[in-house]
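Below: one structure, written as structure tokens.
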Amino acid sequence: MQAALQIVPKSEAKGEKRRPVRFRGRSFMALVLAPELPLEEWFAELDALTAGSPGFFSERPVVLDVSQIRLSPRMLAAFLGDLDQRGVRVIGVEGCDPKFLDGPNARLAMPVGGRAAGEIAAKDAAPGATSLVIDQPVRSGQSVSFHGDVTICGPVASGAEIVAAGSIHVYGALRGRAIAGSAGDGKARIFCRKLEAELLAIDGVYMATDELDPALRGKPVRVWLDGENLRVAALD
């Protein structure tokens, strides 16, 4: 949904005809990375994630939330450099003194806030709906984000992504990424008819493709969060 704002220059009020300047509003979904101490272990987890799902951060805007760690300006600059070397495109930093961001990084300063991914409703959903049903396959490069449960009546292709604040149901092969409980719901679930996922995640806890039990590949499964671990079991 776009909103257009038209600004009429003062010169037009004096009879001079000039082309108006137009501004358009558009929303994009960004991932939020919130590093924790010790940073060496956090980077190791990040590297494991990108190794298991190489395209996870590809062309994806990222907001860095450093409110849980204390970094000096020099450490923050080095931290951003480490992320850049890993192909993580940071568009904003929140949770620190804006003075910590100087030089080319000054433009990254932003206030804490924003909406969780689960609050961004898919365009096909009815107003106030708590569930969304997609009656077609989700193709590579496509992303579905919804504030409730999402049901896909077909396959989810490699390179596609489903983000739901609630549970995810895929009545077909799940080859892309499924991220449930995105707004902090640890009781969310993921169900699919054929497991071939690149990445599974519930409430921020993820499992990459190389961690999946080979015996469960191609099988109908359910996925749930058990403490800090994801569990995957066959439905049959």
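Residue by residue through the stretch 139-170, note down the ones that are over 17 Å from V223 (Cα atoms) and of a type in the set (D, E, K, R).
Matches in the stretch 139-170: R139 only.
Condition test on R189, is it basic (K, R), touching a residue at least 40 places away in the same chain (Cβ under 8 Å) and closer than 26 Å to R60 by Cβ? Give the steps one after another, and end with the answer.
Working: basic (K, R): yes; touching a residue at least 40 places away in the same chain (Cβ under 8 Å): no; closer than 26 Å to R60 by Cβ: yes.
In short, no.
Which numbered condition trips up Y171, out of (1) closer than 19 Å to P61 by Cβ; (2) hydroxyl-bearing (S, T, Y); (3) part of a strand (DSSP E or B)?
(1) is the only condition that Y171 fails.
Can you pull out the residues in the stretch 137-164 that are at pLDDT below 90, part of a loop (DSSP other than H, G, I, E, B) and over 16 Å from A197 (Cα atoms)?
If the condition is that a residue be at pLDDT below 90, part of a loop (DSSP other than H, G, I, E, B) and over 16 Å from A197 (Cα atoms), then H147 is the only one that fits.
If only one of G87, G55 is at pLDDT below 85, outside any helix (DSSP H, G or I) and of a type outside the set (A, V, I, L, M), which one is it?
Numbers: G87 fails: at pLDDT below 85.
One residue alone meets the criteria, G55.
Can you name the residue in the stretch 58-70 that is touching a Pro at 6+ places or on another chain (Cβ under 9 Å) and assigned to a loop (DSSP other than H, G, I, E, B) and, of all such residues, is surrounded by the fewest Cβ atoms within 10 Å (Cβ to Cβ)? Quick ask: steps written out before the conclusion?
So the first thing to find is which residues in the stretch 58-70 are touching a Pro at 6+ places or on another chain (Cβ under 9 Å), and the list is 64-66, 68-69.
Next, from what is left, pick out any that are assigned to a loop (DSSP other than H, G, I, E, B): 66, 68-69.
Details: V66: 19, Q68: 10, I69: 18.
Going through the qualifying residues, I end up with Q68.
Restricting attention to the stretch 76-87, does a residue exist that is surrounded by fewer than 14 Cβ atoms within 10 Å (Cβ to Cβ), more than 30 Å from S140 (Cα to Cα) and either touching a residue at least 60 places away in the same chain (Cβ under 8 Å) or among the aliphatic types (A, V, I, L, M) (or both)?
There is at least one residue in the stretch 76-87 that is surrounded by fewer than 14 Cβ atoms within 10 Å (Cβ to Cβ), more than 30 Å from S140 (Cα to Cα) and either touching a residue at least 60 places away in the same chain (Cβ under 8 Å) or among the aliphatic types (A, V, I, L, M) (or both).
Inside the stretch 181-197, can you point out the residues that are touching a strand residue (DSSP E or B) at 6+ places or on another chain (Cβ under 7 Å) and modelled with pLDDT of 90 or more?
Filtering the stretch 181-197 down to residues touching a strand residue (DSSP E or B) at 6+ places or on another chain (Cβ under 7 Å) leaves 181-182, 186, 188-197.
Across the stretch 181-197, the qualifying residues are G181, G186, A188, R189, I190, F191, C192, R193, K194, L195, E196, A197.
Does A178 satisfy the condition of being assigned to a loop (DSSP other than H, G, I, E, B), crowded, with 18+ Cβ neighbours inside 10 Å and among the small types (G, A, S)? I'd like the intermediate steps shown before the answer.
Values: assigned to a loop (DSSP other than H, G, I, E, B): no; crowded, with 18+ Cβ neighbours inside 10 Å: yes; among the small types (G, A, S): yes.
It is false that A178 is assigned to a loop (DSSP other than H, G, I, E, B), crowded, with 18+ Cβ neighbours inside 10 Å and among the small types (G, A, S).
The values are calculated or read from the model by the stated rules, or taken from the named source; none is laboratory data. Remember, predicted model here, so these are calculated numbers, not experimental data. Here Cβ is always computed from backbone atoms with ideal geometry, including for glycine, and neighbour counts include all displayed protein chains.
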